[in-house]
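The values are calculated or read from the model by the stated rules, or taken from the named source; none is laboratory data. Every value quoted in this text rests on a predicted model; they were computed, and no experiment measured them. Every residue, glycine as well, gets a Cβ built from its backbone with ideal geometry; the counts of neighbours run over all protein chains shown.
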Amino acid sequence: MRSSLKLPGTTQTDIRFNDQTDQTTALGFCGSFENRADSEPSTKNTVNKVTFDNPIVNDKGITLVGDSKITFTTPGSYFMTSQFNFRNATTPTAIGFYSNVFYNLNSTQVLASSTMNAYPDNQTYGVLQDIVTVDSSGSFIEFYWQPSEGATILDYTPPSTDVPQKPSAKVSVYKIA
């Protein structure tokens, strides 16, 4: 499968999405992972690891190892986007709460990767987007969250007749260089 997409700032107009022969520069590597369950923190202001129970795309050069390590098969630069759905489980009218979300690369905190997500009402979602550069095969990222209130959960909403499910956490990663 080939695409006629031209990347901004490049002269490359033919991108290979599968059957890549040069694994070190091939674009099209991707992974997408989600959690289909509520996740509860141990206590407020405690850092909690985000886990995933459903790899949507898990065999395109980026895989889920265990339940939390998003692992890269090749070095390069990757764009990642994530969404986390928060809810205060005990106070339906709660306001003034927040959660920090951040990620580590190879168990080391990534500076400036933290985003604070305020709760204007009982529910909110947080988005974290970044470009991460990995230097070696087997490098991995892991996501974490830290709520200001112990009653905060990562909230999964099952599908209904009219609306698809809403995962409590979802991360998608794409190789860009």
Worksheet item: What tally of residues in segment 72-91 results from selecting those that are over 15 Å from the mean Cα position of the chain (by Cα) and among the hydroxyl-bearing types (Ser, Thr, Tyr)?
Response: 5
Worksheet item: Any idea which residue in segment 105-124 is modelled with the highest pLDDT, counting only those that are crowded, with 16+ Cβ neighbours inside 10 Å and under 20 Å from residue 148 (Cα atoms)?
Response: 113
Worksheet item: From the residues in segment 150-177 that are assigned to a loop (DSSP other than H, G, I, E, B) and closer than 15 Å to residue 101 by Cβ, which one is farthest from the chain's Cα centre (by Cα)?
Response: 155
Worksheet entry | Extreme residue, farthest from residue 37 (Cα to Cα), among residues of segment 130-170 that are surrounded by 15 or more Cβ atoms within 10 Å (Cβ to Cβ) and hydroxyl-bearing (Ser, Thr, Tyr) | 139
Fill in: Any strands (runs of 3 or more DSSP E) falling wholly within segment 19-76 and containing at least 1 residues that are at pLDDT 90 or above and either farther than 20 Å from residue 165 by Cα or in contact with a strand residue (DSSP E or B) (Cβ under 6 Å, 6 or more places away or on another chain) (or both)
30-35, 62-65, 69-72
